[in-house]
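Accompanying notes for the structure given below.
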Amino acid sequence: MALTKKVCRVWRLCTQDMGYRMKGTSSRQWIQRQHNDIYVKRARAENWRCRSAFKLLEIDDKYKILQPGQLVIDIGAAPGSWTQVACQRTNATGIDSSRPRGRVISIDLLPISKIPGADVLDCMDFTSQDCQEKIILLSEGKKPDVMLSDMAPNASGFKEFDGRLLVSLVSKVLQFSVTQLAVNGTVLVKLWQGSGCRELTTVMEELFTSVKLVKPKASRDDSREIYFLCQKFKGLETTE
Ligand SMILES: C[S@@+](CC[C@H](N)C(=O)[O-])C[C@H]1O[C@@H](n2cnc3c(N)ncnc32)[C@H](O)[C@@H]1O
């Protein structure tokens with residue numbers, strides 16, 4: 001099978017060396033912060049599974065990436081607030097009969113309790129061949145319009161090491177999108193600022209017409225997380 005240069009490039013990013021740096025956060029500080037957090041309160045009041053919902057809502061309000069009728073793959077979806085947002089905005093439950101009905105496929109290593117409108121592949125590792133084959137099977141021949149990745153590896157406390165792991169996970173998302181995403185499709189991925197980001201941005205710019213760096217208000221100021229919004233997938237150029 002012919003592999004494109006782009007696929008090889010993304011693959012190489014998965015095999016980079018890793019470095020280390022210590023980090024620590026007390027659980028009491030975390031509980032206090034959750035208690036005071038306006039987005040945590042709003043998430044409870046508005047029935048979102050977690051505060052992350054507001055990050056996707058804000059990005060979608062501004063860039064209109066989710067439309068009724070689309071097929072959306074939500075990777076690293078537990079507990080499920082992005083899936084809730086995607087189901088609502090793509091009309092995945094079919095609640096609005098005047099608009100096309102979308103589909104959302106949600107994947108996570110962890111269990112996800114049922115979300116109306118979503119097909120859930122929980123307790124699965126997105127990077128495994130088995131999981132990716134199941135996504136393709138569930139897509140029933142349709143190419144995804146949007147791929148979301150809010151994946152985060154379990155924090156080891158070594159900032160640089162964790163950052164590299166996340167780069168590796170996002171590389172797998174890009175690899176999958178190279179062969180699966182619909183032309184003109186969108187990928188939204190989370191990264192942590194630091195090493196590896198720049199190289200990955202170069203790959204994104206080769207694959208997509210537009211790549212934007214987004215830091216939604218709901219993303220905490222002291223968090224290194226940033227989102228890359230890649231729009232207008234150029235499609236696969238095959239080589240002999
Ligand atoms: C920040 S949470 C996602 C929150 C989610 N967007 C929401 O709104 O509810 C990150 C998730 O990534 C998942 N994750 C990390 N590595 C993964 C992998 N290889 N495959 C699937 N999920 C993964 C974790 O289990 C975790 O649930």
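The values are calculated or read from the model by the stated rules, or taken from the named source; none is laboratory data. For clarity, every value in this text was computed on a predicted model and none was experimentally measured. Cβ atoms come from the backbone with ideal geometry, glycine included; neighbour counts cover every protein chain shown. Protein only, heavy atoms only, side chains kept; ligands, DNA and RNA dropped before computing areas. Shrake-Rupley method; radii C 1.70, N 1.55, O 1.52, S 1.80 Å.
Mind checking which pairs have a first residue in region 41-54 that is on the phi > 0 side of the Ramachandran plot and a second that is within 13 Å of the ligand (Cβ to nearest atom), Cβ under 9 Å, 6 or more apart or different chains?
Listed pairs, sorted by first residue: Asn47/Gln84.
Considering (1) within 11 Å of the ligand (Cβ to nearest atom); (2) buried (at least 21 other Cβ atoms within 10 Å of the Cβ); (3) not in a helix (DSSP H, G or I), say which one Met147 fails and leave the rest.
(1)
Taking the conditions exactly as written (within 15 Å of the ligand (Cβ to nearest atom), surrounded by fewer than 22 Cβ atoms within 10 Å (Cβ to Cβ) and over 19 Å from Glu46 (Cα atoms)), does Pro111 satisfy them or not?
Yes.
Quick check on region 52-99: of everything there that is more than 8 Å from the ligand (Cβ to nearest atom) and aromatic (Phe, Trp, Tyr), which residue is surrounded by the most Cβ atoms within 10 Å (Cβ to Cβ)?
Phe54
When Leu200 is evaluated against the numbered criteria (1) at pLDDT below 95; (2) in contact with a helix residue (DSSP H, G or I) (Cβ under 8 Å, 6 or more places away or on another chain); (3) open to solvent by 50 Å² or more (accessible area, probe 1.4 Å); (4) in a helix (DSSP H, G or I), which criterion, by number, is the only one it fails?
Status for Leu200: all satisfied but (3).
So is Gly157 more than 11 Å from the ligand (Cβ to nearest atom) and surrounded by fewer than 16 Cβ atoms within 10 Å (Cβ to Cβ) or not?
Yes.
Of the residues Gly117, Gly102, which is touching a strand residue (DSSP E or B) at 6+ places or on another chain (Cβ under 9 Å), more than 8 Å from the ligand (Cβ to nearest atom) and open to solvent by 10 Å² or more (accessible area, probe 1.4 Å)? Quick ask: steps written out before the conclusion?
Details: Gly102 fails: open to solvent by 10 Å² or more (accessible area, probe 1.4 Å).
Exactly one residue qualifies, and that residue is Gly117.
If you take the residues in region 170-181 that are touching a residue at least 60 places away in the same chain (Cβ under 8 Å) and of a type outside the set (Ser, Thr, Tyr), which one is nearest to the ligand (Cβ to nearest atom)?
Lys172
Residue check: is Arg44 within 16 Å of the ligand (Cβ to nearest atom) and not in a loop (DSSP other than H, G, I, E, B)? Write out each step before concluding.
Working: within 16 Å of the ligand (Cβ to nearest atom): yes; not in a loop (DSSP other than H, G, I, E, B): yes.
Criteria met by Arg44.
Looking at this structure, is Leu137 more than 8 Å from the ligand (Cβ to nearest atom), of a type in the set (A, V, I, L, M, F, W, C) and open to solvent by 60 Å² or more (accessible area, probe 1.4 Å)?
Considered against the rule, which asks whether it is more than 8 Å from the ligand (Cβ to nearest atom), of a type in the set (A, V, I, L, M, F, W, C) and open to solvent by 60 Å² or more (accessible area, probe 1.4 Å), Leu137 comes out as yes.
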